[in-house]
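**Q** Can you keep this structure in mind? I'll have questions shortly.
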Amino acid sequence: MCSKKVVNCPTCKKQVIYSTENPHRPFCSDRCRLIDLGQWLTESYRIESSDEQASTGNNLDKLGNAEEE
C-alpha cells in the first residue's frame, strides 16, 4: 500500500499531495509559488547573517550604555 504525503501549501495553507506528480510542490499552484518568490525578492523574508546579528547586538549595547549616562 502506497500512501501519499499531504502537506499544507506554504502560501495559502491549502492541503496538497506532495509528490512528483505536482510540478509546484510544495505549493498548490504556480500562483502560490510566485507569491512566495515575490516575498523573497522584496526581502519580506530574510535570513540574518552572523554579521547582521552582531551589528544589531552592538547597537543594543550602545543604547544600553547611553541610558546609563
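**Q** Want the number for S19 to S50: 0.36 nm per residue separation, take away the alpha-carbon distance, what's left? Working shown, then result.
**A** Working: separation 31, 0.36 × 31 = 11.16 nm, distance 3.52 nm.
So the chain would gain 7.6 nm between S19 and S50.
**Q** Then there is this: Once you list every other residue whose beta carbon is under 14 Å from the beta carbon of K14, what net charge do they have if Lys and Arg are +1 and Asp and Glu are -1? Display every interim value, and only then the final one.
**A** Working: positive: K13, R25, R31, R33; negative: D30, D36.
Charge balance near K14 sits at +2.
**Q** Another question, if that's okay. For a quick protection proxy, order the peptides 10-21, 35-46 by their average other-Cβ count within 10 Å, most packed first. Don't skip to the end; give the middle numbers.
**A** On the way: 10-21: 12.2, 35-46: 10.6.
Sorting 10-21, 35-46 by mean packing, highest first, produces 10-21, 35-46.
Read the figures in this text as sums done on the coordinates, not as results from a lab. In this text the structure is predicted, and so the values were computed from the model without any measurement. Heads up, the Cβs are rebuilt from the backbone with ideal geometry, glycines too, and the neighbour counts pull from every protein chain shown.
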